[in-house]
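Everything on this sheet refers to the single structure shown next.
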Ligand code: DC
């Protein structure tokens, strides 16, 4: 969906992109520099997947999972996330929960359940939001829309280095295969598929550092 010129712009910078593209790091840094709040929307899908797992609800049970998503007992703190008063900051980052998040993210009722919750993160301070459909669905009136990407190989290398693995060994091959599988799932789903919004600026970070990527977003922001 493209906002028309008659709709008021929201104080939101939307940063979408595929998994391991670095959009989370870039979005968090842009938010800190501009003194805005930061929404990691993927965390909400991951939390929902983890919560379903804890309740022994399979990834395909759309309506049961949507009901969980409506009443996620989550608290976001500066450096941690609590689910039912338990710190799940690292538990939601496993590959298994990532695959679960991708599976439940394809369910329309789950996306609908999380929609308002995401919009509620916007206050007068303004927001930098990252995810897959921040620009197209959640904040179509965002003042700036960025689609941040990098080749699957570069993303797999970055993820391997992050995890302390060699960027070319068998672990790398596994990470690359997982990233390609998740890209395929996120791009091919019928509801809110991963793709740049028509009015998004494309930022390919394959040969950029985090700092250079942050600078580029800030540069676009200053020119709005
Ligand atoms: O960004 P991430 O890897 O933490 O996201 C986990 C999964 O959640 C990802 O596979 C797709 C889904 N997701 C989504 O569909 N829409 C969003 N706005 C954010 C994440």
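The values are calculated or read from the model by the stated rules, or taken from the named source; none is laboratory data. Source: prediction; values computed, not measured. Methodologically, a virtual Cβ is constructed for each residue, glycine included, from the backbone with ideal geometry; neighbour enumeration extends over all protein chains shown.
Quick one: is residue 112 in contact with a strand residue (DSSP E or B) (Cβ under 6 Å, 6 or more places away or on another chain) and within 22 Å of residue 73 (Cα to Cα)?
Answer is no for this residue.
Quick one: in the range 87-96, of everything that is surrounded by fewer than 20 Cβ atoms within 10 Å (Cβ to Cβ) and without any contact (Cβ under 8 Å) to a residue 60 or more places away in the chain, which residue is farthest from residue 176 (Cα to Cα)?
Residue satisfying both the conditions and the ranking: 87.
Taking residue 84 as meeting all but one of (1) away from the ligand (no atom under 15 Å from the Cβ); (2) surrounded by 15 or more Cβ atoms within 10 Å (Cβ to Cβ), write down the number of the exception.
Condition not satisfied by residue 84: (2).
Is one or more of the residues making up the range 94-107 modelled with pLDDT of 95 or more and touching a strand residue (DSSP E or B) at 6+ places or on another chain (Cβ under 7 Å)?
Checked against the condition, which is being modelled with pLDDT of 95 or more and touching a strand residue (DSSP E or B) at 6+ places or on another chain (Cβ under 7 Å), the range 94-107 yields no hits at all.
Can you confirm whether the range 186-203 contains a residue that is under 12 Å from residue 19 (Cα atoms), within 12 Å of the ligand (Cβ to nearest atom) and touching a helix residue (DSSP H, G or I) at 6+ places or on another chain (Cβ under 8 Å)?
yes
Looking only at the range 132-150, which residues are within 10 Å of the ligand (Cβ to nearest atom) and out of contact with any strand residue (DSSP E or B) (no Cβ under 6 Å at 6 or more places or on another chain)?
If the condition is that a residue be within 10 Å of the ligand (Cβ to nearest atom) and out of contact with any strand residue (DSSP E or B) (no Cβ under 6 Å at 6 or more places or on another chain), then 133, 136, 137, 138 are the ones that fit.
Please name all residue pairs, on different chains or six or more residues apart, with Cβ atoms under 6 Å, provided the first residue is in the range 183-202 and is more than 21 Å from residue 214 (Cα to Cα) and the second residue is more than 12 Å from the ligand (Cβ to nearest atom).
Short answer, once both residue conditions are applied: 198/2.
For residue 114, state whether it is within 30 Å of residue 177 (Cα to Cα), in contact (Cβ under 8 Å) with a residue 12 or more places away in the chain and buried (at least 19 other Cβ atoms within 10 Å of the Cβ).
When the stated conditions are applied, residue 114 passes them.
Take the residues of the range 8-36 that are in contact with a helix residue (DSSP H, G or I) (Cβ under 9 Å, 6 or more places away or on another chain) and in a loop (DSSP other than H, G, I, E, B): which is surrounded by the fewest Cβ atoms within 10 Å (Cβ to Cβ)?
The residue in question is 34.
Does at least one position in the range 50-58 carry a residue that is within 16 Å of the ligand (Cβ to nearest atom), part of a loop (DSSP other than H, G, I, E, B) and surrounded by 21 or more Cβ atoms within 10 Å (Cβ to Cβ)?
no
Taking the range 123-151 as the region of interest, how many residues are surrounded by fewer than 19 Cβ atoms within 10 Å (Cβ to Cβ) and either more than 14 Å from residue 200 (Cα to Cα) or under 15 Å from the mean Cα position of the chain (by Cα) (or both)?
Number satisfying all stated conditions: 6.
Among the residues of the range 59-78, are any at pLDDT 95 or above, near the ligand (Cβ under 9 Å from one of its atoms) and under 17 Å from the mean Cα position of the chain (by Cα)?
Among the residues of the range 59-78, not one is at pLDDT 95 or above, near the ligand (Cβ under 9 Å from one of its atoms) and under 17 Å from the mean Cα position of the chain (by Cα), which makes the answer no.
Return the residues of the range 106-136 that are in a loop (DSSP other than H, G, I, E, B) and within 18 Å of residue 148 (Cβ to Cβ); say none if nothing qualifies.
132, 133
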